[in-house]
Amino acid sequence: MNATPEVLAVLDDLLASAAPDARGAVWQLSEQGRELDANLVRLPAGAEVGEHQEDVLDVLLVVLAGSGRLTPGGDGTPLDLTPTTVTWLPRTSRRALAAGPDGLAYLTVHRRRPGLTIKPTVFAGEGGEAPCSLDRVCPECGRMSQESAPKYCGACGERFPER
């Protein structure tokens, strides 16, 4: 059986219907059997996504509306983001995003992440339980951060609660 192409969303309509101060994922690709993930993300004017790193996946970031700045980690030169700008974020690259005065709306696309699985923990000592990792799960999108003390979600940009 062949899969059938279909229109999933009209991004301009989604952005127009979002609240002016909406922050985070406005839309996510969620079809069963897909090999890609995609997120429509909106940041209000002046909002930032702190420096973070995606360790596993390359990400393609396409600016749809507004403007902003992408600052590579370390001594990287900031990159201006304007509508139709396409930016490749290679895995392991560190970066931060800042929205301009009109906010920033962008689409991210990457390979689908493998689902979270529960694996048995091997203990060197006797008994006990594995440490809880719930503080590494994003409250907005439910993805687990690879960082031990994340400040921002690498998937949706949401800030983690203060510890």
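The values are calculated or read from the model by the stated rules, or taken from the named source; none is laboratory data. As the structure is a prediction and not an experimental result, all values here were calculated from the model. Virtual Cβ from ideal backbone geometry, glycine too; neighbours counted across all protein chains shown. To get the accessible areas, we keep the full protein, side chains included, count just its heavy atoms, and leave off ligands, DNA and RNA. Shrake-Rupley method; radii C 1.70, N 1.55, O 1.52, S 1.80 Å.
Karplus-derived 3J(HN,Hα) values for segment 141-153, using 6.51 cos²θ - 1.76 cosθ + 1.60 with θ = phi - 60°, are 10, x, 7, 8, 6, 7, 7, 6, 9, x, 9, 9, 6 Hz; glycine and proline are entered as x.
The portion of the accessible surface of the chain made up by carbon and sulfur, rounded to a whole percent, is 53 (1.4 Å probe; DNA, RNA and ligands excluded).
By the gyration tensor of its Cα atoms, with a ≥ b ≥ c the square roots of the eigenvalues, what is the shape of segment 1-112: rounded for a/c under 1.5, prolate for a/b over b/c, or oblate? The shape class here is oblate. Summary value for the chain: 24 percent relative contact order, contacts being C-alpha pairs under 8 angstrom separated by 6+ residues. Proximity of backbone amide H atoms, modeled 1.01 Å from N, is registered between Glu54 and Thr92, Ser93 at under 5 Å, excluding neighbours fewer than 5 places apart on the same chain. Take every pair of alpha-carbon atoms less than 8 Å apart whose residues are at least six positions apart; their mean separation over the length of segment 1-42 yields a relative contact order of 33 percent. Amide H contacts for Ala65 (H built 1.01 Å from N in the peptide plane; partners 5 or more residues away or on another chain; cut-off under 5 Å): Ala105. Placing pseudo-labels 7 Å out from each Cα toward the beta carbon at Gln28 and Leu79 gives an inter-label distance of 2.4 nm.
Sequence-ordered 3J(HN,Hα) estimates for segment 24-35 from the Karplus curve with 6.51, -1.76 and 1.60 and θ = phi - 60° stand at x, 6, 8, 8, 9, 5, 9, 5, 5, x, 6, 10 Hz, glycine and proline given as x.
Here's how it looks for Val59: its modeled amide H is under 5 Å from those of Leu89, Arg91, which are all 5 or more places away or on a different chain. At a probe radius of 1.4 angstrom, the accessible area of the chain per residue rounds to 64 square angstrom.
Between Thr87 and Arg136, the modelled label-to-label distance comes to 2.6 nm, taking each label 7 Å out from Cα in the direction of the beta carbon. Karplus-based coupling profile of segment 106-112, in residue order and whole Hz: 8, 10, 10, 9, 7, 4, 5, with θ = phi - 60° in 6.51 cos²θ - 1.76 cosθ + 1.60 and x standing for Gly or Pro.
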